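Take a look at the structure set out below.
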Amino acid sequence: MIPDRHGSAVITFPNELEVVITREFYAPIALVFDVLTKPEHVRQWGATPPDRMTECSIDLRVGGNYRSSFTTGEGDVFSFSGTYLEVEPPTRTVETWLFSYWPDAEAVETMALQESNGVTTLTWSFAFRDKAGRDHMSRFDGQQDSLDEMENILRSVLDSSRA
């Protein structure tokens, strides 16, 4: 049986401009990469209840753009968008990152994956342009719920492949 890792992500602030989130998944690296980068999966984990994903487009290539929008439980609409700077399946993506609610908080986002003994570690980092931008992201702000939902998706895919 695969252990439940819900709530196990760790967030650190290595300096005044960076945020780093790490989380392990009991799944192969290629599957974790797919869940991070394919719209059919991102739609499921990109917004968690009561929020609802309303748009998700991903052009996964250097120079390609991504955009995801969601509606909050209160009815507000927000979006994340950016451009891919590096794409190295299944180990890494680097992209610009902008959250519409924090227009002054531009960052470069990196999602790096490493697999060892069937466990894939995600290192999800944000390098902000300035301290004012980084100060917006002072806590998990929904990432823990999204990562837990990613685990649920991975379990579902792995369970269905075993059946």
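The trypsin sites (Lys or Arg not before Pro) of the stretch 1-83 meeting both criteria, a DSSP state outside H, G, I, E and B (loop) and at most 12 other C-beta atoms within 10 angstrom of the site's C-beta, are R61. With the Cα gyration tensor of the stretch 1-159 giving a ≥ b ≥ c as the square roots of its eigenvalues, does the rule (a/c under 1.5 for rounded; else a/b larger than b/c for prolate; else oblate) give rounded, prolate or oblate? It is rounded, given that a/c, with a ≥ b ≥ c, falls under 1.5.
For the chain, with all protein chains present and a 1.4 Å probe, just round the carbon and sulfur fraction of the accessible area to a whole percent. Before the final figure, lay out the partial values.
Values: 4230 of 8280 Å².
After summing per-atom areas, the C and S share lands at 51 percent.
For the chain, the solvent-accessible area with a 1.4 angstrom probe is 51 square angstrom per residue. Sequence-distant contacts, meaning Cα pairs under 8 Å at least 6 residues apart, place the relative contact order of the chain at 26 percent. Restricting the stretch 106-160 to trypsin sites (Lys or Arg not before Pro) that sit in a DSSP loop and have at most 16 other Cβ atoms within 10 Å of their own Cβ leaves R129, R139. Divide by every residue of the chain the summed helix terms, -39500 (n - 2.57) for each DSSP H run of at least 4, and state the resulting mean residue ellipticity at 222 nm, rounded to the nearest 500 deg cm²/dmol. The per-residue figure over the chain is -7000 deg cm²/dmol. Within the assembled protein chains, the solvent-accessible surface assigned to E40 is about 100 Å², based on a 1.4 Å probe.
Taking a point 7 Å out from the Cα of E86 in the direction of its Cβ, the residues of the stretch 106-121 whose backbone N falls within less than 13 Å of it are 108-113. Each label point was placed 7 Å from the Cα along the Cα-to-Cβ direction; for Y101 and S156 their separation is 2.4 nm. Full extension of the chain between L17 and R43 gives 6.5 nm of extra length, using 0.36 nm per residue less the Cα-Cα distance. Kirkwood analysis of the stretch 60-143, using all unique Cα-Cα pairs, places the hydrodynamic radius at 14.1 Å.
The values are calculated or read from the model by the stated rules, or taken from the named source; none is laboratory data. Every value quoted in this text rests on a predicted model; they were computed, and no experiment measured them. Because the Cβ atoms are built from the backbone with ideal geometry, glycine has one as well, and the counts that use them run over all protein chains shown. Side chains included, ligands, DNA and RNA excluded: accessible areas come from the protein's heavy atoms. Shrake-Rupley method; radii C 1.70, N 1.55, O 1.52, S 1.80 Å.
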